[in-house]
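The values are calculated or read from the model by the stated rules, or taken from the named source; none is laboratory data. Just so it is clear, the model here is predicted, and its values are computed rather than measured. All Cβ positions, glycine included, derive from the backbone under ideal geometry; neighbour counts span all protein chains shown.
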């Protein structure tokens, strides 16, 4: 059998393009419409730098109108159109892999695809985790500074058996939905831990909706697309496990890609393997993933990019928009 060497098939432009395509294809939040490419964010970071700012006009509100009369001295006072600012921060990231490991998994009919799909899967998972960790930071900020007006929690750490009232249910989800009031129709998806998803499956409460081409069945609950991911919190208390689920709306998160001088590269280590040689492939990305309506303050970011831990820190977030204009809600349950 012929041996496929990575150096024989490596083309930096092809690798970068195909790994990016795989990352988009495999990212559940992109496929559900929760996270979308944002032209304004892209324009901002296209100019360079890793921190930017968007200025938005606030809604006009719905004050009672003036009532016209025929008195020339009775003049109206115009209302102000106010603005707010949302700061964001780019994440410059990289990872590398030895082809001594990758080579065992190469599909010889498409070795480029075999590698780039794995790299794409890696970055899809990382970006999903960055979105979830950022969601938890938004949650922490909401509890600390906005009276928890985006959160419904029925979870406790009481001793004894968990009751149905403390588990996920239509009542709990709809109560969380109602935190958006008459704007709740913007919510389209619910993210949950696989343990919660399995409970709903056991109760035959998951409905599967085919995609337009009929090739894939999408799980839904109460009409919301279900995104199950075990990086969502399952916090073990003294007596119970508390799970956090999140309702999202389409376009709740914006994404953009920053400049990367060399998105991928190969490094040869001729001395490795006692002179047998080794190839290492590097993948580099600059990703911006940001919840619309929130300001990333960077109050406690130590490096150039925010880590997972820093993303879920309350002090790094501040809500900039009215609650009703942010298509996101949280629910906390036991199981």
Open item on the list: Among the residues of the stretch 254-293, what is the count of those that are part of a loop (DSSP other than H, G, I, E, B), under 21 Å from residue 32 (Cβ atoms) and touching a helix residue (DSSP H, G or I) at 6+ places or on another chain (Cβ under 7 Å)?
Closed with: 1
TODO: Starting from the stretch 55-76, take each residue that is farther than 30 Å from residue 87 by Cβ and list its partners that are surrounded by 10 or more Cβ atoms within 10 Å (Cβ to Cβ), counting only C-beta distances under 9 angstrom and pairs at least six apart or across chains.
DONE: 76/66
Open item on the list: Tell me yes or no: at least one residue of the stretch 215-225 is in a loop (DSSP other than H, G, I, E, B), at positive phi and either touching a strand residue (DSSP E or B) at 6+ places or on another chain (Cβ under 8 Å) or touching a residue at least 12 places away in the same chain (Cβ under 8 Å) (or both).
Closed with: yes
Task: Subset tally (residues that are part of a helix (DSSP H, G or I), farther than 21 Å from residue 200 by Cα and in contact with a helix residue (DSSP H, G or I) (Cβ under 7 Å, 6 or more places away or on another chain)) for the stretch 139-177 - done: 3
Task: Test result for residue 315, surrounded by fewer than 21 Cβ atoms within 10 Å (Cβ to Cβ), out of contact with any strand residue (DSSP E or B) (no Cβ under 8 Å at 6 or more places or on another chain) and not in a loop (DSSP other than H, G, I, E, B) - done: yes
Open item on the list: Here's a check for you: in the stretch 223-232, which residue that is in contact with a helix residue (DSSP H, G or I) (Cβ under 7 Å, 6 or more places away or on another chain) and buried (at least 17 other Cβ atoms within 10 Å of the Cβ) is farthest from residue 126 (Cα to Cα)?
Closed with: 226
Open item on the list: Tell me whether the stretch 29-40 contains one or more residues that are at pLDDT below 90 and either under 30 Å from residue 190 (Cβ atoms) or surrounded by 10 or more Cβ atoms within 10 Å (Cβ to Cβ) (or both).
Closed with: yes
Open item on the list: Take residue 322 and tell me if it is within 25 Å of residue 203 (Cβ to Cβ) and surrounded by fewer than 16 Cβ atoms within 10 Å (Cβ to Cβ).
Closed with: no
TODO: Could you grab me the full set of residues in the stretch 294-308 that are outside any strand (DSSP E or B) and touching a residue at least 60 places away in the same chain (Cβ under 8 Å)?
DONE: 297, 298, 301, 304, 305, 306, 308
Task: Whichever residue in the stretch 86-99 is under 30 Å from residue 273 (Cα atoms) and crowded, with 16+ Cβ neighbours inside 10 Å and, among such residues, is modelled with the lowest pLDDT - done: 99
